[in-house]
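Report on the structure given below.
The values are calculated or read from the model by the stated rules, or taken from the named source; none is laboratory data. Because the structure is predicted, anything quoted here is derived from the model rather than measured. When we count neighbours, we look across all protein chains shown, and the Cβ atoms used for this are built from the backbone with ideal geometry, even at glycine. Just the protein is used for accessible areas: all its heavy atoms, side chains included, with ligands, DNA and RNA removed. Shrake-Rupley method; radii C 1.70, N 1.55, O 1.52, S 1.80 Å.
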Amino acid sequence: MIVLGIILGIAFAACFAFMVTLIIVCNSNDMGDSKGSFAEFSEASLHIISQKDGVNSEQWDK
Amino acid sequence: MEIKCPGCGAALVFDAQTGKMQCKYCGSFFTMADIEDQFQKVEQDGVQEPETPIADEPNTVQCNIYACTSCGAELAVNGVESSTFCAYCGQPTIVFSRVSQTLKPEVIIPFRIQKQEAVAAIRKRFNQGFFIPKEVKAFEVDRVHGIYIPHWLFDSYYYDKQLIRGTVGSGKYSRTMYFMREADCRLHNVPLDASMNLDDESSQRLEPYDMRDLRKFEIGYLSGYYSDRYDVSNKDLHELAAKRAMELFDSQMLESCSARSKEIIANKPRISLLKETYALLPAWFMTFRYKDKPYTMLVNGQTGKVVGAVPCDSAKVKLMASLIFLLTSLVSVPLGIYFCLGTSATEKSFFEMLIGIIFAMISMYYAGLKKLEKLQKSETLTASQGMNRYAHERQGEGGDFR
């Protein structure tokens with residue numbers, strides 16, 4: 001069980017280090033990673049005509 | 001044709017800071033109205049017609065020959081050029097007949113960022129990058145070109161009724177929920193680049209442009225910069241315009257649902273393209289070399305936004321990864337041992353937690369892979385020969401001209 005614990009700990013640390021390092025590298029070396037958003041191309045926000053939460057497929061068909 | 005200073009006869013160039021035409025020789029400034037008057041006068045005198053294009057021959061590129069009005073030299077212009085510097089005397093020569101022969105741009109956003117400011121913005125951004133190699137930070141500028149990129153600006157109306165699936169709650173209380181949304185919107189001036197040689201991804205990353213700064217096209221704005229003529233028609237971009245409108249619309253629709261892992265599972269979209277405007281938008285292309293490979297960084301000529309990706313300092317990356325790994329291990333290994341010893345292997349909760357930990361690890365690994373993929377894609381675009389060639393050809397020095 002101790003060996004399993006060590007393996008789990010090391011694997012977790014490796015995955016975490018891989019993800020965090022790449023996030024930091026991306027922020028450092030990849031510049032201007034964004035495109036124009038909805039707000040920049042629309043004078044008004046989205047005009048919601050109708051909305052319903054928690055619907056099922058039968059309600060959708062209607 | 002070249003726009004000359006009414007005072008001393010030297011060539012005028014557009015000054016991004018003042019928004020006027022400047023004579024570098026006598027220091028005079030002229031408004032666009034003054035230039036338009038001068039241009040009309042010259043047009044009445046007669047514009048020099050371009051010569052007949054050279055005949056097609058093997059291993060040659062067909063291009064038009066223009067005479068430089070300043071030094072009299074013959075100037076070869078690429079088939080997609082509408083203005084260029086004279087390769088011989090370096091004067092900003094605007095080949096207006098080229099623009100008028102095709103479709104004249106309706107609107108333009110003039111350059112607001114000057115060459116030095118563009119290079120300074122790149123240097124500043126590079127200096128902020130911890131993983132950028134020192135050699136890259138101390139780059140020597142190979143070429144800097146201010147290029148007006150042709151765009152089609154689309155106005156559209158978009159309507160959709162969507163069924164969205166998402167997950168709400170957490171842990172044992174997590175459940176799938178469906179949302180119905182019906183909405184519409186009007187999108188204005190969504191830009192799509194109309195140049196076949198420039199990658200769409202690169203041009204879209206130059207956004208946003210402040211469209212309030214759009215001006216009626218005046219030939220004087222081109223003076224001192226390179227410009228490209230559209231080689232993708234508005235009709236060819238209809239599909240892409242609809243796709244872009246859909247992306248913008250869908251992102252807003254998904255945002256309106258309070259859930260995670262959201263996905264549109266059914267919809268009934270309707271789009272109408274209302275208007276298309278031919279526009280020129282400004283960008284700086286800066287090329288530098290690293291390990292004998294050219295990299296082209298882009299800078300939005302209006303806002304100064306820097307776009308591109310550069311290679312990493314691998315030693316620093318390895319050091320950072322090792323450091324994070326060691327620090328995390330100091331916590332995760334004892335926790336792992338404690339977890340395994342403290343819970344009986346036969347307990348149901350042990351397997352549930354084990355699966356949870358493995359799932360978390362896979363998620364982290366996947367997130368890292370996605371970032372790596374994105375970085376590699378950006379770097380490929382920056383180092384692409386196509387991008388370098390795009391900037392290079394518009395200077396009139398590319399292989400096509402020799």
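Using modelled amide H (1.01 Å from N, peptide plane; none on Pro or chain starts), what sits under 5 Å from the amide H of B:Ser28, excluding residues fewer than 5 places away?
Amide H neighbours of B:Ser28, under 5 Å, 5+ apart: B:Cys23.
What do you get for Rg/Rh of the range B:283-341 when both radii come from the Cα atoms and Rh is the Kirkwood radius?
That ratio is 1.36, to two decimals.
With angles folded into 0 to 90 degrees, how steeply does helix A:2-29 sit against the dominant principal axis of chain A? Use alpha carbons for both and round to 10.
On a 0 to 90 degree scale, this one is about 50.
Extension gain B:Leu319-B:Leu354, at 0.36 nm per residue separation less the Cα-Cα distance, in nm?
9.6 nm
Using each residue's phi in the range B:264-281, evaluate 6.51 cos²θ - 1.76 cosθ + 1.60 at θ = phi - 60° and report the 3J(HN,Hα) Karplus result to the nearest Hz, with x for Gly and Pro.
7, 9, 7, 7, 9, x, 9, 10, 10, 7, 8, 7, 10, 10, 8, 9, 10, 10
With every protein chain kept in the model, how would you rank B:Tyr159, B:Tyr178 by accessible area, 1.4 Å probe, largest at the top?
Ranked from most to least accessible, the order is B:Tyr178, B:Tyr159.
Any idea of A:Phe18's accessible area? Nearest 10 Å², probe 1.4 Å.
Near enough 60 Å² of accessible area.
Place a +1 charge on the Cβ of each Lys and Arg in chain A and a -1 charge on the Cβ of each Asp and Glu, then give the dipole magnitude about the Cα centre in debye, rounded to the nearest 20.
With Lys and Arg at +1 and Asp and Glu at -1, about 220 debye.
Per q in 0.12, 0.13, 0.19 1/Å, what log10 I(q)/I(0) does a Debye calculation on the alpha-carbon atoms of the range B:177-316 return?
-0.69, -0.79, -1.22
Please give the per residue accessible area of chain A, computed with a probe of 1.4 Å over protein heavy atoms only, in Å².
I get 55 Å² per residue for this part.
Using protein chains only (no ligands, no nucleic acids) and a 1.4 Å probe, work out which residues of the range B:105-131 have their accessible area cut by at least 30 Å² relative to the chain alone.
Residues of the range B:105-131 that lose at least 30 Å² of accessible area once the other chains are added: B:Arg125, B:Phe131.
With +1 on the Cβ of every Lys and Arg and -1 on the Cβ of every Asp and Glu, and nothing else charged, how large is the dipole of the range B:126-270 about its Cα centre, in debye rounded to the nearest 20?
Approximately 840 debye in magnitude.
Equivalent ellipsoid semi-axes for the range B:121-218, as square roots of 5 times the alpha carbon gyration tensor eigenvalues: give them largest first, rounded to whole Å.
Over the Cα atoms of the range B:121-218, the semi-axes work out to 39, 28, 11 Å.
Distance check, please: which entries in A:Lys52/B:Lys161; B:Lys124/B:Lys305; B:Lys318/B:Lys377; B:Lys293/B:Lys318; B:Lys262/B:Lys377; B:Lys316/B:Lys370 exceed 19 angstrom between their Cα atoms?
B:Lys318/B:Lys377; B:Lys293/B:Lys318; B:Lys262/B:Lys377; B:Lys316/B:Lys370, as the Cα separations exceed 19 Å there.
If I take every Cα pair under 8 Å that is 6 or more residues apart in the range B:287-385, average their sequence separation and divide by the length, what percent do I get for the relative contact order?
Across the range B:287-385, relative contact order equals 42 percent.
Please give the solvent-accessible surface of B:Glu239 in Å², to the nearest 10, using a probe radius of 1.4 Å with every protein chain present.
Number for this one is 150 Å².
Can you list residues whose amide H is under 5 Å from B:Gly301's amide H, if they're 5+ apart or on another chain and H is modeled 1.01 Å from N?
Here the answer is B:Ala283, B:Trp284, since their amide H atoms fall under 5 Å of that of B:Gly301.
Find which of A:Phe16, A:Leu46, A:Met1 sits farthest along the positive direction of the dipole of chain A, computed with +1 on the beta-carbon of Lys and Arg, -1 on that of Asp and Glu, about the Cα centre.
My answer, from the dipole projection, is A:Met1.
Is chain A best put as rounded, prolate or oblate by its Cα gyration tensor, with a ≥ b ≥ c the root eigenvalues, rounded for a/c under 1.5, and otherwise prolate when a/b is larger than b/c, oblate when not?
The shape class here is oblate.
So what's the gap between the Cα centers of the range B:281-321 and the range B:223-262, to the nearest angstrom?
When both Cα centres are located, 24 Å separates them.
Between the chain alone and the structure with every protein chain in place, find the residues of the range B:363-380 that drop at least 50 Å² of accessible area; heavy atoms, 1.4 Å probe.
In the range B:363-380, residues shielded by partner chains: B:Met364, B:Lys371, B:Lys374, B:Leu375.
Between B:Val190, B:Tyr221, B:Ser233, whose Cα lies farthest towards the positive end of the dipole of the range B:159-258 when Lys and Arg beta carbons carry +1 and Asp and Glu beta carbons carry -1, centred on the Cα centre?
B:Val190
Farthest toward the dipole's positive end in the range B:276-328, which of B:Leu280, B:Ala309, B:Ser322, given Cβ charges of +1 (Lys, Arg) and -1 (Asp, Glu) about the Cα centre?
Positive-most Cα among the choices belongs to B:Ser322.
Rounded to the nearest 100 Å², what's the accessible area chains A and B bury against each other, both chains counted, probe 1.4 Å?
5800 Å²
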